[in-house]
Amino acid sequence: MKKTNFLLAVFVLTGLLSGCAGNQPADSSSSAPSVGTAPETTIAAFTTAAQDADKPSIPGALTVPDESDKQGKSGLSVPVTPEDVTLRVGSLKGPTSMGLVSLMDRASKGEAGNQYEFTMVTAADELLAKVVSGQLDIALIPANTASILYGKTNGQVVVLNVNTLGVLNVVSSDDSIKSIKDLAKKGKTVYMTGKGTTPDYVFRYLLSANEMTEQDLTLEFKSEPAEVAALLKEQPDAIGLLPQPFVTAACGQNENLKIVLDLTEEWDKVQGEDKSRLVTGVTIVRRSFLEENPNAVSLFLAEHRDSAQYANSHIKETAQLVADLGIIEKAPLAEKALPYCNITCLTGEEMKSALSGYLKVLYDQDPSSVGGQLPEDDFYFSGQ
């Protein structure tokens, strides 16, 4: 019965995402909204900033550690042999993929513990379509979109980890801005994108948490981050709310611009005991794939964690891989952006606390931003 419900959900959701999957016929007469257009302009901003490139498919050679080598080529502890299966992993061109490039590189050299096939795209819609149609087993997607997908598929996706924390920064040449409350002084205007989407909800939440309202300042929305960056170049004293890597690019065009507020840090300042975090990206797996291949998924988690750690500790090498894969056009720009991309790998209870609290904030402002209701406990993988 569960499989029947899932197939029905797949049919419905694929219909909503018509035209996104590679071999799905598009219905030009349909006006149904796409689930992928659910509020997550932060991710859309990443993809716009990246140079367009063909979607790479990077095959990895299977390396199964034998009984005499429990570490295997991956250098990770593998308590059990992973299933002989190719993990099809999809990601968006941006910070979420930047934390994965080391694993992509090792897999292409036959040095990974699993066998992998990686796909990168520039739109969340395409990833979602591939997940629900079974073309991808694992995907790195916006956090709120994972919640929406969970609801649309009757709980047939599971979150494995949080792979990216917040990447939103307030940028200005005004050195007097030291806190969120400073934005209310002198009737300041903040230029940003994504009205009615997650960056908007996050910023309004932080205003409220600092006992402020939108009446204390002016929010002016632009159509895309590049427009905000251009405005900051023309008006150095303006204030912009931008995601990485647009922040790095904007500051590179004007030496007077700087990050005056990191919204991830501002979020952490106002948290209570729930320990929620400002989350950007998560990694999901199809529930059926997890149930059929638990060892391979556990090894992927370990290898993903290792890859994220490498991205944070080997900035120069990671930046070159990022450029080679076309995620960001030039390695020097990637090298400057990487330290601010908040690449991580939160799992288990830490992941659940961080993500559930974040989704609750979005839900309180607009239930539709997370699919109309909050996910159940089985949304969160507790394996590690």
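The values are calculated or read from the model by the stated rules, or taken from the named source; none is laboratory data. Treat the numbers as computed from the prediction; the structure is a model and nothing was measured. No Cβ is skipped: glycine too gets one built from the backbone with ideal geometry, and neighbour counts run over all protein chains shown.
For every residue, the table says whether it meets (1) in contact with a Pro (Cβ under 9 Å, 6 or more places away or on another chain); (2) of a type in the set (Asp, Glu); (3) under 26 Å from residue 349 (Cβ atoms).
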{"position": "103", "(1), (2), (3)": "no, no, yes"}
{"position": "107", "(1), (2), (3)": "yes, no, no"}
{"position": "111", "(1), (2), (3)": "no, yes, no"}
{"position": "131", "(1), (2), (3)": "no, no, yes"}
{"position": "142", "(1), (2), (3)": "yes, no, yes"}
{"position": "168", "(1), (2), (3)": "yes, no, yes"}
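The condition (being modelled with pLDDT under 95, hydroxyl-bearing (Ser, Thr, Tyr) and farther than 30 Å from residue 200 by Cα) is satisfied by just one residue among 298, 288, 382: 382. Does residue 245 satisfy being out of contact with any Phe, Trp or Tyr (no Cβ under 6 Å at 6 or more places or on another chain) and over 25 Å from residue 187 (Cα atoms)? Taking the combined requirement at face value, the residue satisfies it. Candidates 298, 307: the one that is assigned by TED's automatic domain parsing to the domain that holds residue 86, among the polar types (S, T, N, Q) and more than 18 Å from residue 117 (Cβ to Cβ) is 298. Restricting attention to segment 168-202, and to residues there that are assigned to a helix (DSSP H, G or I) and over 18 Å from the mean Cα position of the chain (by Cα), which single residue is farthest from residue 365 (Cα to Cα)? If we take residues in segment 168-202 being assigned to a helix (DSSP H, G or I) and over 18 Å from the mean Cα position of the chain (by Cα), then 186 is farthest from residue 365 (Cα to Cα). Number of residues in segment 255-285 that are assigned to a strand (DSSP E or B) and surrounded by 21 or more Cβ atoms within 10 Å (Cβ to Cβ) equals 8.
Considering segment 363-379 alone, what residues qualify as being modelled with pLDDT under 95 and under 21 Å from residue 304 (Cβ atoms)? Within segment 363-379, no residue meets the criteria. Inside segment 206-234, can you point out the residues that are closer than 19 Å to residue 262 by Cβ, in a helix (DSSP H, G or I) and in contact with a strand residue (DSSP E or B) (Cβ under 7 Å, 6 or more places away or on another chain)? Listed by number, the residues that qualify are 225, 228, 229, 232.
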